[in-house]
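Since the structure comes first, as structure tokens, the remarks are kept for the end.
Values in this text are rule-based calculations from the coordinates and carry no lab data. Note that the structure is a prediction, hence the values are computed from the model and not measured. Cβ atoms come from the backbone with ideal geometry, glycine included; neighbour counts cover every protein chain shown.
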Amino acid sequence: MCGIFGYIGKRTDATKMAVDGLKSLEYRGYDSWGVAWKNGDHLDTKKEIGKISGVDGSLLSSNCSLAIGHTRWATHGGVTIANAHPQFNADKTIAVVHNGIFENYQELRDELKAKGHTFVSDTDTEIAPHLIEEYLKQTDDFAHAVRLACQRFTGRYAILAVHATSDTLVAARTGSPLIIGVAKDGYFIASDTPAFMHHTRTVQYLDDGEMVVSNGNSIIFTDIETGEERHKREIEITINLEQADKGNFAHFMMKEIMDQKESVARAVNQSDEEIMTVANAIRDAQGTFLAACGTAGKACMAAEYFFSVVSEKHVNFAPASEFKVYHHFLKKESLLIVVSQSGETADVLEAMQVAKSKGAKVLSIVNVEGSSIDRASDYTLHINAGPERAVASTKALTGQLAVLLLVAYALAGKLQEGKKLLLETASMINDMLNPRYIERLSQLAERINHKEDLYIIGKSWNYPMAMESAIKIQEVSYIHAEGFAGGELKHGPIALIEEGTPCIVLAGNDEVTPDILSNAVQLKARGALVIGVAPENNEIFDEWIKVPDAFAAQALVNIIPIQVLAYELAIQRGKDPDMPRNLAKSVTVK
Ligand code: AGP
């Protein structure tokens, strides 16, 4: 995680651009922030604990053309000023910002200590400026010293480095994302495009094992191992600035929940040919696996039911972080489909490498075009949800569910029927998301916002949505929520139920409805406050949240009131729904 940003060029407001760039990267981590900038023949720096939101970067320096910055999600070392980035060598001539983890940092730190280096932080990152300093004893070429140091690192990383007496900005990556923004008056290098999209839409992508060095007038790409020069195409990216802004909403989370009035239809608006390509790949494969993390993983779990019920096809889901152990039976006829909003999740990229090492085909369903997962896939379907900034994923999930259900219908030879159902569902969602509905859920939140435990049950595709509901409520309200398959309750979890324990029951109008309602009766018998999310009311429900009857697309509509409820619970409990504690939007470390 973490967001990194750098600028070198003719403009003299580099520190202001660095701070503004970090603000738009804050969804990647907000434990602390820091900037270093070149001031004559020395480096100045500013580091602070907490969010960068209210900082005015122009106060740092009014005349600076080279700056790097960082917003942190702590992995190694607590949230302190000493552990904030940039990290320096002892005489502060070298500054480095880093996204990722140097897995061999202890070994390198011991080697450097033996050479007399002293360390002031608990971070893995601090080894980098010290190691570069060591290699500067062999060469006075700063970029070369950085390359030699990068050849020693193991793990996934992206770094930016500057030197007090060198008018260059150097960057390198293996695993974590880095994108170059090409402007007429300089170069931007950042973890993601929002950091510089106000300045340029012309980008160049840095691939794994590559580095760049720029003096502000030109930029050179080289391979870290061989030193060979690489040539990169300039690509114009299309970003709708308005979509990336929260408009009149207080928070991105609510803005993105309301975006579903259009985003589900956008996800469905795929060319038949593109959908059929994925469906045919599944048909022809000998074993199809789905892998993803967190919320995207819940979309994949629901897809196991979509393929079973709609296309009578068995597919296997595995959390991407667990996928590595599958290598034993993967083969070149196997198919891996990965799902990711950001397209940068480290565990998913690793699962792709495992599948590729076995010669298997890798398809992906992503939201961020040009992301590492998008570019590393044999084939990609985009969900067209638009930028998703709130850490809690909402519109990306319903987009992923819509595309996966569409593929299931295509595999059953009923693509147009699937499109019709999903477009009808999209318009039902459009009607459902109105102020009266939001107010209803806010009232429900009032009734349970003092509770510290909450349970959700579901059956069939509502079971993964019960688990997704738990993630949403956990990550923004910090209530201990858990999702279960309704039938599993009586095998243990029901022991947790006491008088007034809120229990949400996700239901549809199908052959499994009687089962989940009888599970709700068992909860009621133990004194639970039963909250039904279903097309029809039932006497078992103490509270009923009405949702449209959407048959195989029920998962899409049932999760939306839960997203709103989680948001309302967060607000009523005084939490920030956009930047919850201990989390970040894009998880670029394993
Ligand atoms: C969801 O609200 C969380 N932010 C998290 O579980 C997320 O879904 C997970 O990290 C996967 O991210 P991705 O879709 O960008 O790969």
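For LYS92, the lysines whose Cα comes closer than 18 Å to its Cα, not counting residues fewer than 8 places off in the same chain, are LYS38, LYS46, LYS47, LYS113, LYS115, LYS137. Mean separation of Cα pairs under 8 Å and 6 or more residues apart, divided by the residue count, gives region 326-443 a relative contact order of 17 percent. Loop-resident GluC sites (Glu not before Pro) (DSSP state other than H, G, I, E or B) in region 510-539 with no more than 13 further Cβ atoms inside 10 Å of their Cβ: GLU511, GLU539. Just need the relative contact order of region 270-380 here, percent rounded to a whole number, with Cα pairs under 8 Å and 6+ apart. That works out to 26 percent. Among 411-418, 79-86, sorting by the average number of other beta carbon atoms lying within 10 angstrom of each residue, highest first, gives 79-86, 411-418.
Cross-link reach is defined here as a Cα-Cα straight distance under 16 Å, omitting same-chain residues fewer than 8 places apart; for LYS324 the aspartates and glutamates meeting it are ASP347, GLU350. Over what distance in Å are the Cα centres of region 1-54 and region 384-431 separated? Each part's Cα centre sits 38 Å from the other's.
The LYS184 and ASP122 beta-carbon pair, evaluated with R₀ = 45 Å, returns a calculated FRET efficiency of approximately 0.60. Under a 5 Å amide H cut-off, with hydrogens placed 1.01 Å from N, ILE224 pairs with GLU210, MET211 among residues at least 5 apart or on other chains. If you plug the beta carbon distance of ALA82 and ASP223 into 1/(1 + (r/R0)^6) with R0 = 35 Å, you get a FRET efficiency near 0.55. Residue order for THR288, THR226, fewest other beta carbons within 10 angstrom first, comes to THR226, THR288. Applying the Karplus relation 6.51 cos²θ - 1.76 cosθ + 1.60 with θ = phi - 60° to region 71-88 yields 3J(HN,Hα) values of 10, 9, 10, 5, 10, 10, x, x, 8, 10, 5, 4, 8, 5, 9, x, 9, 10 Hz, where x marks Gly and Pro. With a ≥ b ≥ c taken as the square roots of the eigenvalues of the C-alpha gyration tensor of region 88-183, please select rounded if a/c is under 1.5 and otherwise prolate if a/b is larger than b/c or oblate if it is not? Oblate, since a/c reaches 1.5 and b/c is not below a/b. Cα centroid separation, region 435-475 to region 94-112: 42 Å. The trypsin sites (Lys or Arg not before Pro) of region 162-267 that meet both conditions, a loop assignment by DSSP and at most 10 other Cβ atoms within 10 Å of the site Cβ, are LYS184, ARG233.
Using only DSSP helix segments of four residues or longer, with each worth -39500 (n - 2.57), what per-residue ellipticity at 222 nm results for the chain after dividing by its residue count and rounding to 500? Don't skip to the answer; put the middle values down first.
Working: 16 runs with 199 residues, N = 590.
When only DSSP H runs of four or more count, the value is -10500 deg cm²/dmol.
Couplings 3J(HN,Hα) for region 472-485, derived from phi with the Karplus relation 6.51 cos²θ - 1.76 cosθ + 1.60 (θ = phi - 60°), are 4, 5, 4, 6, 10, 10, 6, 6, 6, 10, 9, x, 9, 6 Hz, where x marks Gly and Pro. Remark on ASN39: its backbone amide H falls under 5 Å from those of ASP44, a criterion applied only to residues 5 or more positions apart or on other chains, H modelled at 1.01 Å from N. The gain in end-to-end length when the ILE235 to LYS115 segment is fully stretched comes to 38.8 nm, 0.36 nm per residue minus the alpha carbon separation.
Here the spin labels are modelled as points 7 Å beyond Cα on the Cα-Cβ line, and at MET276 and ASP208 they lie 3.3 nm apart.
Of the beta bridges in the chain, as assigned by DSSP with both residues counted there, near 60 percent are antiparallel. Straight-line cross-link partners of LYS184 among the aspartates and glutamates, defined as a Cα under 16 Å from its Cα and at least 8 positions apart when in the same chain: ASP13, GLU234, GLU236. Taking θ as phi - 60° and the Karplus parameters 6.51, -1.76 and 1.60, the scalar couplings of region 153-165 work out to 6, 10, x, 9, 7, 9, 10, 10, 9, 9, 10, 4, 10 Hz in sequence order, x denoting glycine and proline.
Between the amide H of ALA183 and those of PHE188, distances stay under 5 Å, these residues lying 5 or more places away or on another chain, with hydrogens modeled in the peptide plane.
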